[in-house]
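The values are calculated or read from the model by the stated rules, or taken from the named source; none is laboratory data. What you see is a predicted model; the values in this text were computed from it and never measured. A quick note on method: Cβ atoms are made from the backbone with ideal geometry, for glycine too, and the neighbour counts reach across all protein chains shown. In case anyone asks, the SASA skips ligands and DNA or RNA and just uses the protein heavy atoms, side chains included. Shrake-Rupley method; radii C 1.70, N 1.55, O 1.52, S 1.80 Å.
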Amino acid sequence: NKSLPHIKILATGGTIAGSATQAGQLTGYTAGALGIESLISAVPELESAAQVSGEQISNIDSCNITSGLWFKLAQRCNELMADDDVDGIVITHGTDTLEETAYFLNLTGTKPVVLTGAMRPATAISADGPLDLLNAVKTAACREACGKGVLVVMNDIIMAARYATKTSAFKVEAFQAQPYGQLGTIAGG
């Protein structure tokens, strides 16, 4: 649908793109095993939220992030900011360094930039990545997200990158932005 906002999804790997041998396996998986097209095709509801297209920037465990990748992401975000056909950007990312990447990118421009990830691999029986991705796209497509700086969207919470902190290594509600950084909640879609 051409009337919907165009959201570009930049994929970097992480648990949201993780794969395990069994659906009940929530640890011991391979981070960054799946490509962006797999993530997009797993969430058909994206089609009603925005026009989405994906681009694979890297496919790593985010504990292996480097400053070189940060600069590559920043450069690509700046290029997309200058593209009149792009309305917002979503970055899928591993949670180990998601808050550092979000903070680094916080001064990239005026179009929405939203980072998201997952605490469970894509192959898990209760994967959180598909809903996090859908909510990140919906946030990036929202006019009210403009001018708010880089955002982090996970577990139905919209957070300012400046305040987003990973507070758990195993819970789905792993990120907090207290006391000032919670900008919104996604409820009922």
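A few remarks follow.
- Prolate/oblate/rounded call for segment 1-84, Cα gyration tensor, a/c under 1.5 rounded: oblate
- 10 Å Cβ shell holding at most 14 others, DSSP loop, chymotrypsin sites (Phe, Trp or Tyr not before Pro): longest site-free stretch of the chain: 1-169
- In segment 58-189, one over the average inverse separation of all distinct C-alpha pairs is 14.7 Å, which is the Kirkwood hydrodynamic radius.
- Between Glu47 and Glu79, the modelled labels are 2.9 nm apart [label points 7 Å from Cα along Cα→Cβ].
- Computed over segment 80-141, the P(r) curve from all C-alpha pair distances, binned at 10 Å from the origin, holds 22, 47, 25, 5 percent per bin.
- Loop sites in segment 109-186: trypsin sites (Lys or Arg not before Pro), DSSP, at most 11 other Cβ within 10 Å: Lys171
- Between Ala33, Ala23, Ala164, the residue with the greatest mean-square fluctuation in the GNM of the chain (Cα pairs under 10 Å linked by springs) is Ala23.
- For segment 37-127, dividing the convex hull volume of the Cα atoms by the residue count gives 103 Å³ per residue.
- Carbon and sulfur %, accessible surface of the chain computed with the full protein complex present, 1.4 Å: 51 percent
- The chain: most fluctuating residue of Asp128, Asp61, Asp85 per GNM, C-alpha cutoff 10 Å: Asp85
- Spatially proximal lysines relative to Lys148 (Cα-Cα < 26 Å; intrachain offsets below 8 disregarded): Lys2, Lys8, Lys72, Lys111, Lys138, Lys166
- Solvent-accessible heavy-atom area per residue, rounded to whole Å², over segment 64-117 at 1.4 Å: 43 Å²
- Residues in segment 108-128 that a label on Glu173 would reach, taking backbone N under 12 Å of a point 7 Å out along Cα→Cβ: none
- The charge dipole of the chain, taken about its Cα centre with unit charges on the Cβ atoms of Lys, Arg (+1), Asp and Glu (-1) only, comes to about 240 debye.
- Pairwise label distance in nanometres, Tyr180 with Thr165, each label 7 Å out on the Cα-Cβ vector: 1.4 nm
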